[in-house]
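Down below is the structure, laid out as structure tokens.
The values are calculated or read from the model by the stated rules, or taken from the named source; none is laboratory data. These numbers were taken from a predicted model, which means no experiment stands behind them. Cβ atoms come from the backbone with ideal geometry, glycine included; neighbour counts cover every protein chain shown.
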Amino acid sequence: MLGPVILAASRSATMRRIVSAAPVTRPVVNRFIPGETVDQVIPIVESLTRDGLEVTLDVVGEDITRAEQSYAARDAYLQLIERLAELGLGESAEMSVKLSMFGQALEGGHELALANVRPVVEAAAAIGTTVTLDAEDHTTLDSMFAIHEELRRDFPQTGCVIQAYLFRTEADARRLAAAGSRVRIVKGAYKEPAEVAYLDKAEIDKAYVRIMKILMRGEGYPMIGSHDPRLIAIGQELAREAGRKPDEYEFQMLYGIRSEEHLRLAAEGHRMRVYTAYGTDWYGYFMRRLAEKPANLLFFLRSMITK
Ligand code: FAD
């Protein structure tokens, strides 16, 4: 029952102030968000790459209130891409972006987010990599899919994320499972109402399997985003059944979660990508990680008490 409470707190400005200012927070945050700057995250990318893993980089931030912040977000990604190019890391690192950080929720936000994300997608393509649009809460998705479709006209390799907990997602998966598309399937990390989403864990898992079947049997490139061993095993079986070669799908997990499993899957010959978030505005991302596993919250609270 703690999960929904933590998710509600992830949108609270007061909680943001308290958690962000607590002196013990940073070491706990580090487990999931291993740096605040490009210079701090690059060695992580190099180390993951040396281990045979691929990376998707997320500059943390969301729910901005001013257009200037959206330009800063765009520029942060452009700076990142420039550094990756300098270091020859363009092939193994792609980018994940949240459109809310690019201004999607502001007035005229759909156009603003599109105008901000386009140069990022363009710069990524120029160094041989790509961008995936993360899925945020359900009210943002029509705009996200429209931006995805628009970007794919010029950059067909642009990916997007779909969330198994939403009723709409099976239909989205059918539409997206076409040649050339890149689709990440995840369970879903936001607080959603019963009118639009399954709330029961078993129902979400069943939907996840139905959607993996659509993606694996379709013509696109499925990206299985999960740490759930049962779903990963089913994903492997579905890839085998569909006759997919190792470079025709991939698994993805978050930095700091089940890291030994990242290495095991890569050693088995699967393409394995680690979603690595960095930056200073880590509050929303961090709180979603706590909500996914309330034991993380206990660890966090214990570190505050024992400090
Ligand atoms: P769960 O059943 O939640 O977890 C399975 C097991 O993994 C747990 O038993 C536990 O051992 C471990 N585990 C899972 N989460 C944690 C944690 N936080 N801390 C410690 N252990 C944990 N969601 C979105 O809504 N939009 C997105 O764009 C999005 N992008 C994602 C990208 C990637 C690569 C991944 C892996 C997830 C993404 N998510 C996104 C989050 C996702 O929706 C889930 O909330 C998250 O992956 C947990 O679900 P799970 O499939 O791992 O299964």
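Computed values, structure above
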read-out	value
Flag if ILE185 is surrounded by 22 or more Cβ atoms within 10 Å (Cβ to Cβ), closer than 27 Å to ALA126 by Cβ and either assigned by TED's automatic domain parsing to the domain that holds ALA124 or within 12 Å of the ligand (Cβ to nearest atom) (or both)	no
Matching residues in segment 132-146 - criterion: being in contact with a strand residue (DSSP E or B) (Cβ under 7 Å, 6 or more places away or on another chain) and touching a residue at least 40 places away in the same chain (Cβ under 8 Å)	THR132, ASP134, ALA135, HIS138, MET144
Members of segment 245-278 found to be of a type outside the set (A, V, I, L, M) and touching a helix residue (DSSP H, G or I) at 6+ places or on another chain (Cβ under 7 Å), listed by number	TYR249, PHE251, GLY269, HIS270, ARG271, THR276, TYR278
Top-ranked residue in segment 11-50 [being part of a helix (DSSP H, G or I) and basic (Lys, Arg); ranked as surrounded by the most Cβ atoms within 10 Å (Cβ to Cβ)]	ARG16
Condition met for GLU248 (more than 9 Å from the ligand (Cβ to nearest atom), out of contact with any strand residue (DSSP E or B) (no Cβ under 6 Å at 6 or more places or on another chain) and either modelled with pLDDT of 95 or more or hydrophobic (A, V, I, L, M, F, W, C) (or both))	yes
Test: residue in segment 61-76 that is within 17 Å of TYR255 (Cβ to Cβ), surrounded by 15 or more Cβ atoms within 10 Å (Cβ to Cβ) and of a type outside the set (Lys, Arg)	yes
Residue that is exposed (fewer than 15 other Cβ atoms within 10 Å of the Cβ) and either more than 21 Å from HIS110 (Cα to Cα) or more than 11 Å from the ligand (Cβ to nearest atom) (or both), where the choices are ALA171, ALA164	ALA171
Members of segment 247-302 that are free of Cβ contacts under 8 Å to residues at least 40 places away in the same chain and hydroxyl-bearing (Ser, Thr, Tyr)	TYR249, SER259
Checklist (1) within 12 Å of the ligand (Cβ to nearest atom); (2) in contact (Cβ under 8 Å) with a residue 60 or more places away in the chain; (3) not charged (D, E, K, R) applied to HIS227, failing item	(2)
Qualifying residue in segment 291-304 (condition: surrounded by fewer than 19 Cβ atoms within 10 Å (Cβ to Cβ), more than 14 Å from the ligand (Cβ to nearest atom), modelled with pLDDT of 95 or more and more than 30 Å from SER100 (Cα to Cα))	no
Qualifying residue in segment 96-107 (condition: surrounded by 23 or more Cβ atoms within 10 Å (Cβ to Cβ), charged (D, E, K, R) and within 16 Å of the ligand (Cβ to nearest atom))	yes
Residue within segment 208-222 that is among the charged types (D, E, K, R) and closer than 21 Å to MET95 by Cα present	no
